[in-house]
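For reference, the structure is listed below as structure tokens.
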Amino acid sequence: MHSYHITITMTDASQGVHVGLYQHGAAAALRAAGLFPDAAKINVRRLSTVLLRGSRKGAA
């Protein structure tokens, strides 16, 4: 499972966002399309995490 950020834009230009876990981007898009069948646009982005090595003491 991967984390996805989904932005739904309706025909009146209002937007809604959702972050959730899905197996792939197509599953995220299909879920959004099912919940918002009148959406003008659905944007799906996979989120990633950057892991840093070492101590955070010197970070500022």
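Residue pairs whose Cβ atoms lie under 7 Å apart, sitting 6 or more positions apart in sequence or on different chains, and linking a residue in the stretch 37-60 that is assigned to a loop (DSSP other than H, G, I, E, B) to a partner that is modelled with pLDDT of 75 or more and surrounded by 10 or more Cβ atoms within 10 Å (Cβ to Cβ), are Asp38/Met10; Leu47/Ser3; Leu47/Tyr4; Leu47/His5. Residue check: Gly54 meets all listed conditions (1) under 15 Å from the mean Cα position of the chain (by Cα); (2) at pLDDT below 95 but one, namely (1).
The values are calculated or read from the model by the stated rules, or taken from the named source; none is laboratory data. Source: prediction; values computed, not measured. Counting neighbours? That spans all protein chains shown, and the Cβs are built from the backbone with ideal geometry, glycine included.
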